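The values are calculated or read from the model by the stated rules, or taken from the named source; none is laboratory data. All values reported here derive from a predicted model rather than from experimental measurement. Neighbour counts run over all protein chains shown; Cβ positions are idealised from the backbone, glycine included.
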Amino acid sequence: MKSVLVLGARGGIGQAVAQAFRQVGWRVLGLVRSGEAGEGIAPIRASLFDAAGVAQACGPVDIVFNGLNVPYPVWSTQALPLYEAAADVAQVLGARHIYPGSVYNFGARMPQDLTPQTPFAPTTVKGRIRVAIEAMLRERAEAGRLKTIVVRAGDVFGGVAKNSWMQQLVAKDLAQGKIVSPGGYDVMHAWAYLPDLAQAVVRLAGVEAQLGAYEVFHFEGHNATMRDLARAAGPKVKLSRMPRFVFSVMGLFDPFMKATIEMLYLWDVPHGLKDDRLAEVIGPVPHTPLDQALTSLT
């Protein structure tokens with residue numbers, strides 16, 4: 001039986017990926033500071049910053065999935081050290097490291113079609129940190145110290161992703177027939193239905209031995225405008241827009257909203273993820289139709 005250690009096992013992405021591994025028969029471990037890691041997940045109670053201690057508590061592990069989540073307000077100080085610690089854990093374990101990337105790397109002047117070959121051009125603090133994280137992982141891979149797969153996805157939604165843009169704002173009132181847009185109605189945006197993304201991660205883990213030391217895949221998910229979302233949600237669903245000044249006003253009192261402001265370009269610049277190679281490697285890419293994915297939110 002193969003084993004996977006999930007970092008951030010109690011977070012939305014971590015939970016979904018952990019359960020997807022369980023469903024195909026993997027032994028799933030979850031790193032937690034205290035308490036339980038989740039249904040059917042063996043808790044590993046150790047500090048992320050003590051790689052040797054984590055390895056001793058785990059025993060043999062094949063995959064380390066990095067589902068860590070850093071709150072926006074502390075990205076500038078905590079993100080890179082946290083992801084370096086995660087890389088240390090995978091390195092000491094001798095396990096393949098799987099890291100979920102984002103579109104932040106491409107910046108506000110990004111082209112509409114984002115492929116694994118699209119150059120990085122970050123224009124925000126969080127984007128530059130994302131680039132630094134991936135540079136660190138690539139450097140370790142090229143030095144023969146750590147093998148990593150980057151799975152880049154858009155904004156996740158569905159499943160247990162309760163704190164997503166979709167569930168917290170865009171489709172918060174979908175049951176009442178409303179879609180709320182932070183930007184224009186006809187701007188393409190990259191979305192990832194979390195149960196599909198989790199399955200894709202598991203399939204990549206299953207073939208990781210056939211892959212190179214550093215691999216980047218883009219999970220296309222749903223490249224959709226707000227009008228696309230509204231049409232998929234049903235004929236009676238109405239669109240409305242949240243004025244930008246609302247973010248600024250809320251940012252005066254809420255550190256999270258303040259840190260969100262620099263990312264609002266993502267709702268103004270059309271973008272979608274593209275990657276033909278993912279299907280060549282794992283077979284048909286998991287893809288729940290958009291209407292069904294949205295139905296799961298109500």
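Structure above, values below:
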{"quantity": "Strands (runs of 3 or more DSSP E) enclosed by region 141-204 - at least 2 residues per element that are over 15 Å from the mean Cα position of the chain (by Cα)", "calculated": "178-181"}
{"quantity": "Yes/no for V70 being surrounded by fewer than 19 Cβ atoms within 10 Å (Cβ to Cβ) and β-branched (V, I, T)", "calculated": "yes"}
{"quantity": "Search result, residues across region 33-75 that are part of a loop (DSSP other than H, G, I, E, B), among the hydrophobic types (A, V, I, L, M, F, W, C), farther than 25 Å from V207 by Cα and touching a residue at least 24 places away in the same chain (Cβ under 8 Å)", "calculated": "A37, L48, F49"}
{"quantity": "Pairs where the first residue, in region 118-145, is more than 16 Å from Y104 (Cα to Cα) and the second is surrounded by 14 or more Cβ atoms within 10 Å (Cβ to Cβ) and of a type in the set (G, A, S), C-beta under 6 Å, 6+ apart", "calculated": "A141/A213"}
{"quantity": "Single residue of D62, D50 found to be in contact with a Phe, Trp or Tyr (Cβ under 9 Å, 6 or more places away or on another chain) and of a type in the set (D, E)", "calculated": "D62"}
{"quantity": "Residue that is farthest from A85 (Cα to Cα), among those in region 46-71 that are among the small types (G, A, S) and touching a Ser or Thr at 6+ places or on another chain (Cβ under 9 Å)", "calculated": "G59"}
{"quantity": "Residue that is modelled with the lowest pLDDT [pool: residues in region 168-180 that are surrounded by fewer than 21 Cβ atoms within 10 Å (Cβ to Cβ) and within 16 Å of T225 (Cα to Cα)]", "calculated": "L169"}
{"quantity": "Condition check for T288: under 24 Å from P111 (Cα atoms), among the hydroxyl-bearing types (S, T, Y) and surrounded by 15 or more Cβ atoms within 10 Å (Cβ to Cβ)", "calculated": "no"}
{"quantity": "Residue match in region 14-21 (condition: of a type outside the set (A, V, I, L, M), modelled with pLDDT of 95 or more and surrounded by fewer than 19 Cβ atoms within 10 Å (Cβ to Cβ))", "calculated": "no"}
